[in-house]
Every structure is written in C-alpha cells, then in structure tokens.
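A quick write-up on the structure given underneath.
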C-alpha cells in the first residue's frame, strides 16, 4: 500500500498542468460554415454559449509557445497547431474554459464577449471576428 502511494505521489509530481485539451468541434465548424455561405453575421455566443468572457483566434500554424504568450495560460496541444483551419481558446477571468479547432478560416486576434462573426464581404472564404475594439494582437 505504501509503495502504491509513493508511485501516485511521484506521478503527481511529474505531471505538469498542461491546461485544457485542444479538441475538434465539428458542430461549431458546421455552424460557422453555414453562416459564411449565407453571407450573414451573428454573435459568436450564439454558437458557443458557455461561460467565457474572451476568445483568442489563432490561424494555423501556431506554436504552443505563442498561444501561451497570448492567452497567459497553457493549452494541452502539440508543439505546433498545423490545422487545417483555426484554433479558438475561450477564457473566463483569464482561465482557459475551452480550446477547439475548426476547419474554418477566421482572422487572428483577441476578442471580448460581444464578438460577432461576420462573413467577409470580398468573399475570401474567411470570417471576420469583430468586437468593436479593433483588437488583433
């Protein structure tokens, strides 16, 4: 029993806080594609209603180091996100709530809770994110 506790303590000491695990979100991807094809705009919160107050959008490729630099917290991902598409990291008071990848092209940046997703008028196939602050790093 004592050796089992020692092994558990050793494993806990070796394991670092990797943060929330990056995952694919096919439902969000489908909803964003539909919005783009319709040429519409909508609040991102309409598609991602969770408890978040900030979202970071990273186009591929992006390194884990850059993500941590921007977000201020770790995300459990490979050394480099190579997509395809974008990685979205949602935070609440600085803590990572969710990290998803979508095969949709979004503009990079850091946005507040009122961010809207807008079909890009020149039809470049990208979606704009806009919270009125003009924030793009």
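Step by step: first the residues of the range 83-103, then only those that are modelled with pLDDT under 95 and touching a strand residue (DSSP E or B) at 6+ places or on another chain (Cβ under 8 Å), then the one that is surrounded by the fewest Cβ atoms within 10 Å (Cβ to Cβ). Which residue is that?
83
Please go through the range 36-59 and pick out each residue that is farther than 17 Å from residue 131 by Cα and surrounded by 15 or more Cβ atoms within 10 Å (Cβ to Cβ).
36, 59
Would you pick out the residues in the range 10-32 that are at pLDDT below 95 and either assigned to a helix (DSSP H, G or I) or surrounded by 11 or more Cβ atoms within 10 Å (Cβ to Cβ) (or both)?
10, 11, 12, 13, 14, 18, 19 - these are the residues of the range 10-32 that are at pLDDT below 95 and either assigned to a helix (DSSP H, G or I) or surrounded by 11 or more Cβ atoms within 10 Å (Cβ to Cβ) (or both).
For the range 68-114, what are the residues that are assigned to a loop (DSSP other than H, G, I, E, B) and under 18 Å from residue 43 (Cα atoms)?
Within the range 68-114, 104, 107, 108, 112, 113, 114 qualify.
Do we have residue 37 as assigned to a helix (DSSP H, G or I), within 21 Å of residue 116 (Cα to Cα) and either modelled with pLDDT of 95 or more or touching a helix residue (DSSP H, G or I) at 6+ places or on another chain (Cβ under 8 Å) (or both) here?
No, not satisfied.
Of everything in the range 124-137 that's assigned to a loop (DSSP other than H, G, I, E, B) and either buried (at least 18 other Cβ atoms within 10 Å of the Cβ) or touching a helix residue (DSSP H, G or I) at 6+ places or on another chain (Cβ under 9 Å) (or both), which residue is modelled with the highest pLDDT?
For the range 124-137, the residue satisfying everything is 131.
The values are calculated or read from the model by the stated rules, or taken from the named source; none is laboratory data. Everything numeric here is computed off the predicted structure, so don't read it as measured data. Heads up, the Cβs are rebuilt from the backbone with ideal geometry, glycines too, and the neighbour counts pull from every protein chain shown.
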